[in-house]
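Notes follow once the structure below has been shown.
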Amino acid sequence: MPAQIESFYDAATGTVSHVVYDRAGGHAAAIDPVLDFDPRSARTSGRSADRLLDFLRGQRLTLQWILETHAHADHLSAAAYLKQRAGGRIAIGERITQVQDIFRQVFNLEPDFRSDGSQFDHLFRDGETFRIGELEAEVLWVPGHTPADVAYRIDDAVFVGDTLFMPDAGTARCDFPGGDAAALYRSIRRLLALPDHTRLLMCHDYPPAGREPAWCSTVAEQRRANLHAHDGVEETDFVAMREARDATLCMPQLLLPAVQVNIRAGQLPPAEANGVRYLKLPLDAL
């Protein structure tokens, strides 16, 4: 059965969330959902995630999985928000434990925070398969942007997370803790070894002037035209380009709040004695 896909673009963060499902009245997975966050007021909102919930209700879908491609640095995850309202199991790649261990130390998190991935309902291994109703899905480990990135191959579509962008935008940065440009190059080549017609669904689009947001390309298009990783680009050249480019980039605006939430599977930090939850800002640490 061909996978059905509905995508939702969040202009505030440039994030694309996807709902993939087998049929109307069947089962679905939500991939990389966004929890809205205003950094000026530190207020959260479910406005973006509610669009996914409305779609699930409209198609009479049972939410079976809430899939994260990695612990995002540019938006807060709505995984816990969706699970509370629609059910489903929250899942991510098994190497999230490495990311948790890194940022547990960066943020000096509470003593009972565990770096074992137990905040998630399931940790996927490379090559693991699972079902979304009548669809079969496969997990592909694609490290580089972070050590824990995974992509989800479902029918003829692959949800690539932050491994690739649209061809005219190139590839993701690798300068976060645990990132590795050489690993990203090899992950990209793994994806681009798939059949030419394979659809690649992005998690982000930052369109250049004059182009509307877009989030779907093919392996053939990426191999021919990706700004950073088209056919003929060697690993050493890619690494040199990526490292030089990353050195010029500012940190994402929401990195510090987002990572604290996303390594908890979208849960906000525990409330303190006064009943208020707090996010930390480590000074001079990154």
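For R89, list long-range residues whose amide hydrogen, built 1.01 Å from N in the peptide plane, is under 5 Å from its own amide hydrogen.
For R89, the qualifying residues are W65, I66.
Students often check this: by mean Cβ neighbours within 10 Å, which of 34-45, 19-30 ranks highest, and how do the rest follow?
Result, highest mean Cβ count within 10 Å first: 19-30, 34-45.
Under a point-charge model restricted to the Cβ atoms of Lys and Arg (+1) and Asp and Glu (-1), what is the dipole moment magnitude of the stretch 5-155 relative to its Cα centre, in debye to the nearest 20?
440 debye
Ratio to report: Rg/Rh of the stretch 153-267, with Cα atoms as the point set and Rh obtained by the Kirkwood method; give two decimals.
On the Cα set of the stretch 153-267, Rg over Rh gives 0.97.
Mind telling me which of C203, C174, C216 comes out most flexible in a GNM of the chain, alpha-carbon contacts under 10 Å?
In the Gaussian network model the winner is C216.
Which value at 222 nm does the chain reach when only helices count, each DSSP H run of 4 or more adding -39,500 (n - 2.57), with the total divided by all residues and rounded to the nearest 500 deg cm²/dmol?
-7000 deg cm²/dmol
So how much slack lies between H122 and R47, counting 0.36 nm per residue of separation and subtracting their Cα-Cα distance, in nm?
24.4 nm is the gain from fully extending H122 to R47.
Computed from the coordinates I sent, Rg and Dmax of the Cα atoms in Å equals one of (1) 18.1, 58; (2) 23.1, 85; (3) 19.8, 69. Tell me the label.
(1)
Through the Karplus equation 6.51 cos²θ - 1.76 cosθ + 1.60, θ set to phi - 60°, convert the phi angles of the stretch 271-279 into ³J(HN,Hα) values in whole Hz; use x for Gly and Pro.
Along the stretch 271-279, the couplings run 5, 8, 4, 8, x, 9, 9, 10, 9 Hz.
Could you give the DSSP H helices of the chain that reach 18 angstrom or more along their long axis (alpha carbon positions) and whose average Kyte-Doolittle hydropathy is no lower than 0.5?
Helices meeting the span and hydropathy rule in the chain: none at all.
Test of understanding: extend the Cα→C-beta vector of R277 to 7 Å, then name every residue of the stretch 228-269 with backbone N under 16 Å from that spot.
256-269
Looking at the chain, send over the antiparallel percent of its DSSP beta bridges, to the nearest 5.
Percent antiparallel among DSSP bridges in the chain is about 70.
In whole angstrom, note down how far apart the Cα centers of the stretch 1-37 and the stretch 183-244 are.
Using only Cα atoms to place each centre, the spacing works out to 21 Å.
If you put +1 on each Lys and Arg Cβ and -1 on each Asp and Glu Cβ, how big is the dipole of the chain around its Cα centre, in Debye rounded to 20?
Result for the chain is approximately 660 debye, rounded to the nearest 20.
Computed from the coordinates by the stated procedures, all read-outs in this text should not be read as laboratory data. The structure presented is a predicted model; accordingly, all values stated were derived computationally and were not measured. Cβ sites come from the backbone with ideal geometry, for glycine too, and all protein chains shown count toward neighbours.
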